[in-house]
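This report concerns only the one structure given below.
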Amino acid sequence: MTSRKLAGFTAFASAALACALCVPAANAAPLSAEAAFTLAQGNAMTQADQVTAALGAASGGYYLDNGKAIVNVLDDAGAQKVEAAGLTAKKVTHTFAALTGVKNAMDNVRNVPQTSWGIDTSTNQVVVTIFSAATPATADKVATAAKQYGDSARVEYKTGKLELYIADGDAIQNSSARCSLGFNVKSGSTPYLLTAGHCTNLGGTWSGGDVSGARVVRSDCPGADSGLLTRPNGSGPGRINTGQAITSAAAPQVGERISKQGSTTGGGTGQVTSVDQSVNFDVGVLNHEFGTTAHTDHGDSGGPAYDGSKGLGTLSGGNTTVSYFYPLTRELSSYGLTLA
């Protein structure tokens, strides 16, 4: 989503909140604990976005700690600006731009399946993950590449094998695979279905729920992981199957608490652990993913990650400890779409 659209949503949300505060307390329904947390987290992110934009090149980015924004700064002057805005400042060594440079340099390490790297603003590092399914040669190659960046990069080893989740029970299917619907979207007034590109790469026609005969319009994977299907049965609602309305798309932030839906594992929550992640699956590298602690499994591919009414991304895959999603903002921009 463009900054102009996001700013418009923020203004709308602020106006709506202001109107809500005009209602006599006796008539206002109390927020649930989850709704209150989501509202507070959203407000903290809006403030942090504004402060980091003001810091410019001196910003180390920010992350969330139990819904509260921690803004990374390089010096006392930056800390004073952050604290003047009512947020918590943390002194770090590296700017967000510098970490992005390290991450981009790591992208030149090719043909290293079962590894990944992305930015962890909570530690002010690029976190490089090597899974146990990687060959010793691959593990050595990636670890050696990361070491040259000193404390800008951190290497961690995890057990398991990264897989693209594409089978076993879900909402949409064709003759060879099953996946999950991510978001109902549209181009102008024409409705479409957004899911994972590694699903639509299989071609064919797709059906499930109130959809039948959906055809592949776009399919991008590897590199990206986006897939677009026609919606021949008419437009679909702009909401998760739980009833949660999705009214905007937003960029995920480290520490952000999210929700997810998938046809195999259903609902659940997790936290964002990294952004701008390059994930080396066996089929190729997927760029710009965000890592989470959400639990997903085969058949959940393409399913949505969201934070309240904000759509965040569609599921690519992972293993039993990590799930990777492709950002919704990139999908909408790439395909010229809006949310339904």
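The values are calculated or read from the model by the stated rules, or taken from the named source; none is laboratory data. The model shown is predicted, which means the values in this text are computed figures rather than measured ones. Because the Cβ atoms are built from the backbone with ideal geometry, glycine has one as well, and the counts that use them run over all protein chains shown.
Does segment 201-225 hold any residues that are part of a strand (DSSP E or B), surrounded by fewer than 19 Cβ atoms within 10 Å (Cβ to Cβ) and in contact with a Leu (Cβ under 8 Å, 6 or more places away or on another chain), and which are they? Scanning segment 201-225 gives Gly208, Arg215, Val217, Arg218, Gly223. Look at Lys141 and say whether it is over 25 Å from Asp307 (Cβ atoms) and either of a type in the set (Val, Ile, Thr) or in a loop (DSSP other than H, G, I, E, B) (or both). Against the criterion (over 25 Å from Asp307 (Cβ atoms) and either of a type in the set (Val, Ile, Thr) or in a loop (DSSP other than H, G, I, E, B) (or both)), Lys141 does not qualify. Scanning segment 140-154 for residues that are surrounded by fewer than 19 Cβ atoms within 10 Å (Cβ to Cβ) and either touching a Lys or Arg at 6+ places or on another chain (Cβ under 9 Å) or not acidic (Asp, Glu) (or both) gives Lys141, Ala143, Thr144, Lys147, Gln148, Gly150, Ser152, Arg154.
Residues that are touching a helix residue (DSSP H, G or I) at 6+ places or on another chain (Cβ under 7 Å), modelled with pLDDT of 95 or more and β-branched (Val, Ile, Thr): does segment 135-152 have at least one? No, that holds for no residue. Of all the numbered requirements in (1) buried (at least 21 other Cβ atoms within 10 Å of the Cβ); (2) at pLDDT 95 or above; (3) in contact with a Ser or Thr (Cβ under 6 Å, 6 or more places away or on another chain); (4) small (Gly, Ala, Ser), Ala171 misses one, and that requirement is (2). Is segment 134-150 home to any residue that is basic (Lys, Arg) and farther than 30 Å from Gly234 by Cβ? Yes, because at least one residue in segment 134-150 is basic (Lys, Arg) and farther than 30 Å from Gly234 by Cβ. Note on segment 226-256: residues that are farther than 15 Å from Val211 by Cα, without any contact (Cβ under 8 Å) to a residue 60 or more places away in the chain and either charged (D, E, K, R) or surrounded by 20 or more Cβ atoms within 10 Å (Cβ to Cβ) (or both) amount to 1. For segment 282-293, the candidate set comprises residues that are of a type outside the set (Asp, Glu) and surrounded by 24 or more Cβ atoms within 10 Å (Cβ to Cβ); within that set, the residue that is farthest from the chain's Cα centre (by Cα) is Leu286.
Matching residues to (1) modelled with pLDDT of 95 or more; (2) within 29 Å of Gln148 (Cα to Cα); (3) outside the structural domain of Gly118 (by TED's automatic domain parsing):
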position	(1), (2), (3)
Phe9	no, no, yes
Ala28	no, no, yes
Ala33	no, no, yes
Gln50	yes, no, yes
Ala54	yes, no, yes
Gly61	yes, yes, yes
Ile70	yes, yes, yes
Val73	yes, yes, yes
Met106	yes, yes, no
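The criterion of being out of contact with any Ser or Thr (no Cβ under 9 Å at 6 or more places or on another chain) and charged (D, E, K, R) holds for Arg110. Screening Thr123 on (1) within 30 Å of Leu162 (Cα to Cα); (2) outside the structural domain of Thr144 (by TED's automatic domain parsing); (3) out of contact with any helix residue (DSSP H, G or I) (no Cβ under 8 Å at 6 or more places or on another chain) shows it passes everything except condition (2).
Scanning segment 330-340 for residues that are hydroxyl-bearing (Ser, Thr, Tyr) and either free of Cβ contacts under 8 Å to residues at least 40 places away in the same chain or not in a strand (DSSP E or B) (or both), we see that the one that is nearest to Leu193 (Cα to Cα) is Tyr335.
Yes or no, residue by residue, for (1) modelled with pLDDT of 95 or more; (2) polar (S, T, N, Q):
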{"residue": "Thr242", "(1), (2)": "no, yes"}
{"residue": "Gln271", "(1), (2)": "yes, yes"}
{"residue": "His288", "(1), (2)": "yes, no"}
{"residue": "Ala305", "(1), (2)": "yes, no"}
{"residue": "Gly317", "(1), (2)": "yes, no"}
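The number of residues in segment 193-242 that are touching a Cys at 6+ places or on another chain (Cβ under 7 Å), within 22 Å of Gly267 (Cα to Cα) and among the polar types (S, T, N, Q) comes to 1. Could you say whether any residue in segment 160-174 is more than 20 Å from the chain's Cα centre (by Cα), free of Cβ contacts under 8 Å to residues at least 60 places away in the same chain and not assigned by TED's automatic domain parsing to the domain that holds Val73? Yes: one or more hits.
Counting only strands (runs of 3 or more DSSP E) that sit wholly inside segment 257-329, those with at least 1 residues that are assigned by TED's automatic domain parsing to the domain that holds Leu228 and free of Cβ contacts under 8 Å to residues at least 12 places away in the same chain are 266-281.
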